[in-house]
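Q: A single structure is presented below for examination.
The values are calculated or read from the model by the stated rules, or taken from the named source; none is laboratory data. Note that the structure is predicted; figures quoted are calculated from it, not measured. Cβ coordinates were reconstructed from backbone atoms using ideal geometry, including for glycine residues, and neighbour counts include every protein chain displayed.
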Amino acid sequence: MERGRKTLSNVIHSQVQLHAGYGGVVPELAARDHLERLPHLVDMALERAGVEARDIGLIAATRGPGLAGCLLVGTGVAEGLATAWSVPLTGVNHLWGHIYAAMLSTPDLEPPILGLVVSGAHSDLVRMPSHGHFEVIGRTRDDAAGEAFDKAARMLGLGYPGGPVMDRLARQGDPRRQSLPRPSLPGLEYSFSGLKTALLYRLRDIGEPGEQARADLAAAFEHSVVESLLEKLDQALDQAPCNEVVVAGGVAANTLLRRRAAEVVGNRARLTMPPLELCTDNAAMIAAAGFFGGVHPTTVDPSLGWGA
Ligand code: KG4
Ligand code: ZN
C-alpha cells in the first residue's frame, strides 16, 4: 500500500474450503491455518508489489475485534516482521478497516462519513468525523447481519458460507410469497434473532420445503435483513445529514443491499460500497486504516512497540 490509498498488492487466502465441511468457522483450525500461511502470504505480497522489506515504512495488523487465536497469530507475525525490519507497527480496528476499504475504491473519499459496517460479527452504524475518529451510533442487540445470513442458510440446508449462497438463491425467489417480519427496534439498534426464530417456525410449519419455497424463504429473509439495515441508515442520515455514506463489510457484497442502499440514500449523499473483493476481509483495508489512524482503541500496547 502506498500512502494509504494506492494498493500495490492485496493477497487473499480463503479458508472457505477448510471450514466448509464443518458448516462454520472452526477457530482452532483458522488460527493454525493463519500460522502456516501468513509467512508465505507476506512473501507473495512483497513480490507482487515489486517491493522489498527495506521499502516498508509501517506495518499494520488487526488487533481486534476478531477470533482470539487468529489475532494472536497475526499480531505475532507483525511483531516479528517489525523487529526484523526495524519498522513501526500499528494495531488496527478491524471494523474501521472495512470503512477504509471504501477509500481504496473511491480515492477522493474523505471524512466526515456516515458508515454502515455489516460483517459476520457486526452490524454497526458509525460516524467518522475525521481520520482515526469513530463513533458507533447504532449496533445490533444480538446477531449480526452476516451471522443471521449464515444461520438462516444452515436452517435452509444451504451449507457454508451462508451469505453468498443465500444471495444466489434469493435471486430465484419472490420475497412476497413467504414474507417474514421485518425487525424494527426503536432508535438505531438492530436485532435479527426474532427474524431467525420466525424462519425456524416457518420451516417447522412447512416441513420439507421444495426448491421454490427455499428460494422464496431466502428472498424473504434477505429482504427483511436488508430493509431493516437500511431503515436505520435512512434514519441516521435524516438525523444528521452527511455528504458521504459508506456501506462496507462482508454483507455489503449482497446484491439486494447494494441495489437498495443506492435507492435509499438517493441524492442525499454520495454512496460508496467497495467492490466485492474489498467488502469481505482483506489486507489492503487494514493497511489503509493503519496509515490513516484507524487504530484499535483499547489494545495498543506501547511496550510491544505498537501504536506508531
Ligand atoms: O467482513 P467479513 O468478510 O468477515 C467478518 O469480519 O466477519 O464478513 C463475512 C460475512 C459472512 O457472514 C458472510 O456470510 C457475509 O459476510 N456475506 C454475505 C455475502 N457475502 C458475504 N452476506 C450476504 N450476501 C452476500 N453476498
Ligand atoms: Zn470483516
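Q: Can you run down the residue pairs with Cβ atoms below 8 Å, 6 or more apart or on separate chains, where the first is in region 1-19 and within 22 Å of A53 (Cβ to Cβ) and the partner is among the basic types (K, R) and surrounded by fewer than 13 Cβ atoms within 10 Å (Cβ to Cβ)?
A: L8/R48; S9/R48; V11/R48
Q: Filtering region 123-132 down to residues that are in a strand (DSSP E or B) and in contact with a helix residue (DSSP H, G or I) (Cβ under 9 Å, 6 or more places away or on another chain), which residue is farthest from L188 (Cα to Cα)?
A: First, pick out the residues of region 123-132 that are in a strand (DSSP E or B): 123-130.
Still in the list and also in contact with a helix residue (DSSP H, G or I) (Cβ under 9 Å, 6 or more places away or on another chain): 123-128.
Numbers: S123: 11, D124: 9, L125: 8, V126: 10, R127: 13, M128: 16 Å.
The residue in question is M128.
Q: May I ask you to list pairs of residues, at least six apart or on different chains, whose Cβ atoms are under 8 Å apart, with the first in region 240-261 being modelled with pLDDT of 95 or more and the second being more than 14 Å from ligand 1 (Cβ to nearest atom) and small (G, A, S)?
A: P241/A269; C242/A269; N243/A269; E244/A269; V245/A269
Q: Give me a count of the residues in region 237-260 that are buried (at least 22 other Cβ atoms within 10 Å of the Cβ) and either within 16 Å of ligand 2 (Cβ to nearest atom) or part of a helix (DSSP H, G or I) (or both). Lay out the reasoning, then the answer.
A: To start, the set of residues in region 237-260 that are buried (at least 22 other Cβ atoms within 10 Å of the Cβ) comprises 245-254, 257.
Subset that is either within 16 Å of ligand 2 (Cβ to nearest atom) or part of a helix (DSSP H, G or I) (or both): 246-254, 257.
Total meeting the criteria: 10.
Q: Could you tell me which of the residues G157, G162, G194, G173 is more than 9 Å from ligand 1 (Cβ to nearest atom) and more than 15 Å from S224 (Cα to Cα)? Talk me through it step by step, then tell me what you get.
A: Working: G162 fails: more than 9 Å from ligand 1 (Cβ to nearest atom); G194 fails: more than 15 Å from S224 (Cα to Cα); G173 fails: more than 15 Å from S224 (Cα to Cα).
Residue meeting the stated conditions: G157.
Q: Turning to a different aspect of this structure: Quick check on A153: is it away from ligand 2 (no atom under 16 Å from the Cβ), hydrophobic (A, V, I, L, M, F, W, C) and either surrounded by fewer than 19 Cβ atoms within 10 Å (Cβ to Cβ) or modelled with pLDDT of 95 or more (or both)?
A: yes
Q: Would region 283-300 turn up any residue that is modelled with pLDDT under 95, among the polar types (S, T, N, Q), more than 13 Å from ligand 1 (Cβ to nearest atom) and farther than 24 Å from G163 by Cβ?
A: yes
Q: Could you check, for region 189-200, whether at least one of its residues is within 16 Å of ligand 2 (Cβ to nearest atom) and crowded, with 17+ Cβ neighbours inside 10 Å? Explain how you work it out, then say what you get.
A: Pass one, region 189-200, residues within 16 Å of ligand 2 (Cβ to nearest atom): none.
No, region 189-200 has no match at all.
Q: Turning to a different aspect of this structure: How about region 193-219: which of its residues are among the hydrophobic types (A, V, I, L, M, F, W, C) and within 22 Å of the chain's Cα centre (by Cα)? Quick ask: steps written out before the conclusion?
A: Let us first name the residues in region 193-219 that are among the hydrophobic types (A, V, I, L, M, F, W, C), namely 195, 198-200, 203, 206, 213, 215, 217-219.
L195, A218, A219 - these are the residues of region 193-219 that are among the hydrophobic types (A, V, I, L, M, F, W, C) and within 22 Å of the chain's Cα centre (by Cα).
Per-residue answers, yes or no, for (1) in contact with a helix residue (DSSP H, G or I) (Cβ under 7 Å, 6 or more places away or on another chain); (2) surrounded by 15 or more Cβ atoms within 10 Å (Cβ to Cβ); (3) under 30 Å from P112 (Cα atoms):
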site: F134; (1), (2), (3): yes, yes, yes
site: G157; (1), (2), (3): no, no, no
site: Q172; (1), (2), (3): yes, no, no
site: G207; (1), (2), (3): no, no, no
site: G210; (1), (2), (3): no, no, no
site: A220; (1), (2), (3): no, yes, no
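Q: Can you pull out the residues in region 135-150 that are closer than 23 Å to E244 by Cα and touching an Asp or Glu at 6+ places or on another chain (Cβ under 9 Å)?
A: So in region 135-150, the residues closer than 23 Å to E244 by Cα come out as 135-140, 145.
Within region 135-150, V136, I137, G138, R139, T140 meet the criteria.
Q: From G138, G66, which residue is more than 12 Å from ligand 2 (Cβ to nearest atom) and under 19 Å from the mean Cα position of the chain (by Cα)? Talk me through it step by step, then tell me what you get.
A: Numbers: G66 fails: more than 12 Å from ligand 2 (Cβ to nearest atom).
The conditions single out G138.
Q: Is it the case that V136 is β-branched (V, I, T) and near ligand 1 (Cβ under 10 Å from one of its atoms)? Walk me through it before giving the result.
A: Numbers: β-branched (V, I, T): yes; near ligand 1 (Cβ under 10 Å from one of its atoms): no.
So V136 fails the test.
Q: So which of G23, G74, G91, G4 is modelled with pLDDT under 95, surrounded by 13 or more Cβ atoms within 10 Å (Cβ to Cβ), over 30 Å from L271 (Cα atoms) and over 17 Å from the mean Cα position of the chain (by Cα)?
A: G23
Q: Within region 111-119, is even one residue assigned to a loop (DSSP other than H, G, I, E, B), within 16 Å of ligand 1 (Cβ to nearest atom) and hydroxyl-bearing (S, T, Y)? Steps first, please.
A: Initial filter on region 111-119 (assigned to a loop (DSSP other than H, G, I, E, B)): 111-112, 119.
Filter once more, keeping what is within 16 Å of ligand 1 (Cβ to nearest atom): 119.
Then drop every residue that is not hydroxyl-bearing (S, T, Y), which leaves 119.
Within region 111-119, one or more residues are assigned to a loop (DSSP other than H, G, I, E, B), within 16 Å of ligand 1 (Cβ to nearest atom) and hydroxyl-bearing (S, T, Y).
Q: Could you tell me which numbered condition I59 fails, if it satisfies all but one of (1) surrounded by 14 or more Cβ atoms within 10 Å (Cβ to Cβ); (2) within 19 Å of the chain's Cα centre (by Cα)?
A: Going through (1) surrounded by 14 or more Cβ atoms within 10 Å (Cβ to Cβ); (2) within 19 Å of the chain's Cα centre (by Cα) one by one, I59 breaks only (2).
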